[in-house]
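The values are calculated or read from the model by the stated rules, or taken from the named source; none is laboratory data. If you're wondering where the values come from, they're calculated on a predicted model, not measured in any experiment. All Cβ positions, even for glycine, are placed from backbone atoms using ideal geometry, and neighbour counts span all protein chains on display.
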Amino acid sequence: MWEYSEKVLDHYRNPRNVGKIDDADLIGEAGSLACGDSLKLYIKLDGEKIKDAKFLTFGCGSAVASSSILTEMIIGKTLDEVRQITNKDIADELGGLPQEKMHCSVMGQEALEDALKKYYGKDVEIGFAKSSSDKVVCTCFNVTENQIWEAIKINGLKTVEEVTNYTKAGGACGRCKGAIQDILNTYYKKQENESKLTPTQKILKIGKVIEQEISPQLQKDGGDIELVDIEGDIVKVKLIGVCSSCKNASMTLKTFVESILKTKVDSNITVEQV
């Protein structure tokens, strides 16, 4: 049985802003009855400020709660401000959603994006709304490659199961699970390549971390550190004194320095005391 926050239950039992706005300036839609969930978001503007918002949804309690909280989040804000809202913001505002129900918050974001696309134009980049040139990966739920990519990026998804929970992709016939795994592999390979430091960058960053973070900590206890040499992932240092944080964590001085460099620079670093 899934656990829901009190805020989710409140918005499910007492949804805000249910209904339609007959003279709405913008209408955004997401999902479909064929997929099991659908949402229609109505927005009334006063200039570029959202004066009112209402919704009609067909779906589970999480879909109702996500739609309800979304209307509260956008009323009174400018269109430029609501462009920044992600599905994670919606879920966080509700106090969290079960992993299996995160796609409901995604549906809220998609409906908002659909409305904004109609205002700003189809070529404007807003979140991970679909575009006509976007490749459909999951034909069962009409989920595109860009939607999956952005869901991974925004929510830090690591597995195919997590992608399914957030986007529903792969939740029916499952034939697209291989393609979803390929997208995950490509995304994290790209992240790994972008995060790699050149040898020069690595040396400079080690020096900076030692100078600005490690040395001041040691100096508090009358100690200090001197960088002697760097050979690949081996950092040779001269250490003086002790530090209270090392003793409290049952760490040696060398381990203390190594743990910071591993976290701040590269997990492969080892420290040698000379």
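Looking across K101, K118, K77, one residue alone is in contact with a Ser or Thr (Cβ under 9 Å, 6 or more places away or on another chain) and in the same structural domain as D10 (by TED's automatic domain parsing). It is K101.
One line per residue, one yes/no per condition, for (1) in contact with a Gly (Cβ under 7 Å, 6 or more places away or on another chain); (2) exposed (fewer than 13 other Cβ atoms within 10 Å of the Cβ):
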site	(1), (2)
R175	no, yes
Y187	no, no
Q191	no, yes
T198	no, yes
Q201	no, yes
D221	yes, no
E231	no, yes
Q273	no, no
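If a residue must be modelled with pLDDT of 95 or more and within 23 Å of the chain's Cα centre (by Cα), how many such residues does the stretch 46-67 contain? Of the residues in the stretch 46-67, 4 are modelled with pLDDT of 95 or more and within 23 Å of the chain's Cα centre (by Cα).
Within the stretch 87-111, residues that are without any contact (Cβ under 8 Å) to a residue 24 or more places away in the chain reach partners that are assigned to a helix (DSSP H, G or I) and not acidic (D, E) with beta carbons closer than 8 Å, at six or more positions or on different chains, in the pairs D89/M73. Residue count for the stretch 154-175, restricted to those that are of a type in the set (G, A, S) and either at positive phi or in contact (Cβ under 8 Å) with a residue 40 or more places away in the chain (or both): 3.
Taking the stretch 1-79 and the strands (runs of 3 or more DSSP E) fully enclosed by it, the elements with 1 or more residues that are touching an Asp or Glu at 6+ places or on another chain (Cβ under 9 Å), charged (D, E, K, R) and touching a residue at least 60 places away in the same chain (Cβ under 8 Å) are at 26-32, 37-46.
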